[in-house]
Amino acid sequence: MIEKKDISLEKTVLVGIITQEQDDVKSKEYLDELEFLTYTAGGEVLKRFTQKMTMPNPKTFIGTGKMEDVKHFVEEHEVGTVIFDDELSPAQERNISKILNCKVLDRTNLILDIFAQRAQTSYARTQVELAQCEYLLPRLKGMWTHLERQKGGIGMRGPGETEIETDRRIVRDKISLLKAKIKAIDKQMAVQRGNRGKLVRVALVGYTNVGKSTLMNMISKSEVFAENKLFATLDTTVRKVVIGNLPFLVSDTVGFIRKLPTQLVESFKSTLDEVREADLLLHVVDISHSNFEEHIESVNNILTDIESLGKPTIMVFNKIDAYQPEPFDETDLIEERTTANFSIDEWKNTWMHKVGDRALFISALNKENLDGFRKRVYEEVRKIHIQRFPYNHFLYPDIEDFEA
Ligand SMILES: Nc1nc2c(ncn2[C@@H]2O[C@H](COP(=O)(O)OP(=O)(O)OP(=O)(O)O)[C@@H](O)[C@H]2O)c(=O)[nH]1
Ligand SMILES: [Mg+2]
């Protein structure tokens, strides 16, 4: 699926746990995602370690025996980085990296690192740097100091890297400085947004890698960077789109992920203003992903965080070309049919039925049902537009009266 063409991938090992809330199937899915994140950050996963436990060990996260196994593997294969799926406390991180004598990262760390790698504009860099500082602050004590090989690589990159050895006071000063800087840019951006007039604003939102930028490029003929890695987009792009004479604005922004570090949501609040101020959300879902229902939930949680869950929303189920139900053996009397065996039509009769005409099924890549998409979006934007400009609604006929 993923093309691994990078020449020097950093050797890594993943560690996850299996608990009552997180059975082995879930744990595997989470580690699959962690592996994708690792690959995006420039790492290669040599092995995964999992352990069944009732609760994580407060000192070392996994048990001592398992840790010994990891240590042996790390030494034998000269692994540079061990990545844990869950957030480690500052103490756990310290203890583990002493035992393993290599870089120890958690999911938050990895996501921050990818953001640092991907931040292009000074605005995005400032926001990532702020998130890194916030993450770093409680972890400053003795972080990495016992490590000699600390130059670069996953978890060490980005605008915040020179701060790692400095003390808390300096980091705190830095945080206030960055906040001030963001505030200044915010003001500018608010003015820019104000200059756009009262055009209806539509925001593409969704889990990372679902095809938001691909869809954006399709409908607005723009060229937003899209690729099969996580967090291809960090900055928000806004384009004017016209359907049937009706102009409106569409924005494409950063994708969401399960357990998006709170520091990042906080720091990216301004980037997410575009979502907060939108009149209509297009929640894009990758229906070909086995975990898409959980993705929807994660996105809704973040939308709640930024007070945008109640907005008018159209669910856009993308990648229907890639959707494949798992084959079900009718002669097998033991296995029960599950949602994994559903066809898209069967899915439409589940909870999706309640979403009604607020659900769309498309393939942005193959341009399937793009007409349906344009019509539906036109209808919805028109409704909002007419409320805003009651005197010129005659300019925009009912959808039946024109061919989208
Ligand atoms: N099969 C299939 N692949 C698609 C479709 N739409 C997008 N993709 C692929 O999915 C990958 C991610 O697409 P992007 O448009 O970058 O996704 P995104 O939601 O903007 O991702 P982030 O910016 O990383 O959050 C790319 O490899 C696209 O080519 C589709 O309809 N079908
Ligand atoms: Mg994108």
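The values are calculated or read from the model by the stated rules, or taken from the named source; none is laboratory data. Keep in mind the model is a prediction, meaning the values are calculated, not measured. Cβ: placed from backbone, ideal geometry, glycine included. Neighbour counts: every protein chain shown. Only protein heavy atoms, including side chains, enter the accessible area calculation; ligands, DNA and RNA are left aside. Shrake-Rupley method; radii C 1.70, N 1.55, O 1.52, S 1.80 Å.
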Worksheet item: Quick one: is N228 within 21 Å of E297 (Cβ to Cβ), in a loop (DSSP other than H, G, I, E, B) and within 15 Å of ligand 1 (Cβ to nearest atom)?
Response: no
Fill in: Hits in the range 328-343 - residues which are more than 15 Å from N291 (Cα to Cα) and either open to solvent by 70 Å² or more (accessible area, probe 1.4 Å) or part of a helix (DSSP H, G or I) (or both)
D329, E330, T331, L333, I334, E335, E336, R337
Worksheet item: Does at least one position in the range 275-289 carry a residue that is free of Cβ contacts under 8 Å to residues at least 60 places away in the same chain and either over 21 Å from E29 (Cα atoms) or surrounded by fewer than 16 Cβ atoms within 10 Å (Cβ to Cβ) (or both)?
Response: yes
Discussion item. If the requirement is being over 24 Å from L9 (Cβ atoms), touching a helix residue (DSSP H, G or I) at 6+ places or on another chain (Cβ under 7 Å) and outside any helix (DSSP H, G or I), which of these qualifies: E87, E129?
Written reply: E87
Item to complete: Would you mind listing the helices (runs of 4 or more DSSP H) fully within the range 246-311 where at least 3 residues are more than 15 Å from the chain's Cα centre (by Cα)?
Response: 273-276
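Here's the yes/no breakdown for (1) within 16 Å of ligand 1 (Cβ to nearest atom); (2) outside any loop (DSSP other than H, G, I, E, B); (3) at pLDDT 90 or above:
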position	(1), (2), (3)
S176	no, yes, yes
D186	no, yes, no
T214	yes, yes, yes
A232	yes, no, no
V238	yes, yes, no
Item to complete: Keeping to the range 312-335, report how many residues are touching a residue at least 12 places away in the same chain (Cβ under 8 Å) and away from ligand 2 (no atom under 16 Å from the Cβ).
Response: 14
Worksheet, complete the sentence: Exactly one of A190, A180 is among the hydrophobic types (A, V, I, L, M, F, W, C), more than 10 Å from ligand 2 (Cβ to nearest atom) and modelled with pLDDT of 90 or more, and that residue is A180
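Any residue at all in the range 193-210 that is closer than 21 Å to L112 by Cα, within 7 Å of ligand 1 (Cβ to nearest atom) and not in a loop (DSSP other than H, G, I, E, B)?
Yes: one or more hits.
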Worksheet item: Yes or no: E75 surrounded by fewer than 17 Cβ atoms within 10 Å (Cβ to Cβ) and modelled with pLDDT of 90 or more?
Response: yes
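A quick yes/no check of all residues on (1) among the small types (G, A, S); (2) in contact with a Phe, Trp or Tyr (Cβ under 6 Å, 6 or more places away or on another chain); (3) modelled with pLDDT of 95 or more; (4) over 29 Å from F115 (Cα atoms):
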position	(1), (2), (3), (4)
V15	no, yes, yes, no
D23	no, no, no, yes
M55	no, no, no, yes
D69	no, no, yes, yes
Worksheet item: Does I243 fit the bill of being among the β-branched types (V, I, T), modelled with pLDDT of 85 or more and farther than 30 Å from G194 by Cβ?
Response: no
